[in-house]
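Visitor: Encoded as structure tokens, here's the structure I'll be asking about.
The values are calculated or read from the model by the stated rules, or taken from the named source; none is laboratory data. In this text, all values refer to a predicted model and were calculated from it rather than measured experimentally. Note that we place each Cβ from the backbone using ideal geometry, even for glycine, and neighbour counts take in every protein chain shown.
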Amino acid sequence: MKKSLLILVLAALSLSAITACNSNTPKTTVVKPKSKYMCTMHPDLSFDKPGTCSKCGMELVERDTTGGK
């Protein structure tokens, strides 16, 4: 009786260990803004690197990504 109880407990523990290892936890991803620089005269244009606007040649400014008003 004790032997079968011990086997049952060991089987339950091994089954719970297997299911715990196979848990489907969602992977976290970091969402980055698409672009960091913009033209003040053409706000519809945005760029990843500093430089000059392709339409007017003005210097690009860093976009405010704080999200506040």
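Visitor: Residue by residue through the stretch 1-29, note down the ones that are part of a loop (DSSP other than H, G, I, E, B) and at pLDDT 80 or above.
Guide: Once the filter is applied, which keeps residues that are part of a loop (DSSP other than H, G, I, E, B) and at pLDDT 80 or above, the stretch 1-29 yields only 1.
Visitor: Quick one: would you say residue 32 is outside any strand (DSSP E or B), loosely packed, with under 10 Cβ neighbours inside 10 Å and modelled with pLDDT of 65 or more?
Guide: Numbers: outside any strand (DSSP E or B): yes; loosely packed, with under 10 Cβ neighbours inside 10 Å: yes; modelled with pLDDT of 65 or more: no.
Answer is no for this residue.
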